[in-house]
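Taking it in order: structure first as structure tokens, then the write-up.
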Amino acid sequence: MLGVDLDEKQIAQFQRYRELIELRSRQFNLTGHKTWDKIREELFIRSLRVLAPAGGNAPTPEWFTGKRAIDIGTGAGIPGMIMKITLPELQMTLLDSTQKRTIFLGEVANELELKGLEVITGRAEDLGQERGHRESYDIVVARAVARLPELAELTIPFANIGGTVILPKSSGVQDEVVEAAAAAEVLGAAPAITMEVSQPGEAVADDMVYWMKISPTPREFPRRVGIPHQSPLIER
Ligand code: SAM
């Protein structure tokens, strides 16, 4: 369906990734999805929807190849690790503030011998101000991290001009998109495009929210750790 053929090495990488998720989930709070059915459907297949050609001007898997991407608040590697295994040519950075999770991601990266993958422990608010990360990515993804007004500040500063922020959300996101419109504009994004993606998989449809970066993010954003959450950029 994606037009992507996985070779034997990639299938073995998915298998080992699954085993490591199952193993480490028994030891600490890695992800809420612990059984193979849930890992397959909610983590693996649902992540692939980011790569699914959703029609219109939405990106296709070829569009991602060779680009530089970051996954903000990746947790167990969702969706960034799945994107990286599926499209090995993608340069991927996985960011999470919880060290237990980034240690896990380092273990996965080593075992799967993934090249072009960087794992960083830290906060989006800090990294978004750092040279080499700020306005440095063609693709920025984040899933299940925050509502859109806060997420705008945690993601848009990472995108370069012409870069795209892609946010998988449960369907019915339109109110959030409206609420985040002023924030997205201030941070340098064009108005959001939203597309419903229901495949691959059997899970309920996701709304994929796309923000294209069209102008630089003002220097003061992202603000200090915790401020985007406490005081999101909402027009009052
Ligand atoms: N994206 C994964 C998924 O869809 O399964 C994980 C979602 S989990 C609910 C949210 C993750 O975001 C947690 O692992 C948390 O540590 C991380 N996180 C929350 N705020 C963050 C921030 N400001 N900077 C970096 N990571 C953050």
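Any read-out appearing in this document is the output of simple, stated calculations on the displayed coordinates, not a laboratory observation. What you are looking at is a predicted structure, and each value in this text was computed from that prediction instead of being measured. Because the Cβ atoms are built from the backbone with ideal geometry, glycine has one as well, and the counts that use them run over all protein chains shown.
Magnitude of the Cβ-charge dipole of the chain, K/R +1 and D/E -1, about the Cα centre, nearest 20 debye?
It comes to approximately 540 debye.
Run through the DSSP bridge list for the range 8-215 and note the antiparallel percent, rounded to the nearest 5.
Close to 45 percent.
Just check the range 71-201 against the gyration tensor rule for me: Cα atoms, a ≥ b ≥ c as the square roots of the eigenvalues, rounded for a/c under 1.5, and otherwise prolate or oblate depending on whether a/b exceeds b/c.
Cα axes put the range 71-201 in the prolate bin.
Could I have the simple spin-label model distance between Trp36 and Lys100, label points 7 Å from Cα toward Cβ, reported in nm to one decimal?
That separation, rounded to one decimal, is 2.5 nm.
Show me the ranking of peptides 186-198, 92-104 by mean Cβ neighbours inside 10 Å, starting with the highest. Please report the intermediate quantities before stating the final value.
Numbers: 186-198: 17.8, 92-104: 20.5.
Top of the packing list down: 92-104, 186-198.
Hey, got a sec? Which trypsin sites (Lys or Arg not before Pro) in the range 21-95 land in a DSSP loop and have at most 13 other Cβ atoms within 10 Å?
On the way: sites: Arg24, Arg26, Lys34, Lys38, Arg40, Arg46, Arg49, Lys67, Arg68, Lys84; in loops: Arg26, Lys34, Lys67.
Listed in order of number, the matching sites are Arg26, Lys34.
Holding the Cα-Cα limit at 24 Å, pick out from Lys9/Lys67; Lys67/Lys115; Lys34/Lys84; Lys115/Lys213; Lys67/Lys100; Lys9/Lys115 the pairs that are longer than that.
Values: Lys9/Lys67 22 Å; Lys67/Lys115 14 Å; Lys34/Lys84 21 Å; Lys115/Lys213 27 Å; Lys67/Lys100 28 Å; Lys9/Lys115 14 Å.
Result: Lys115/Lys213; Lys67/Lys100 exceed 24 Å.
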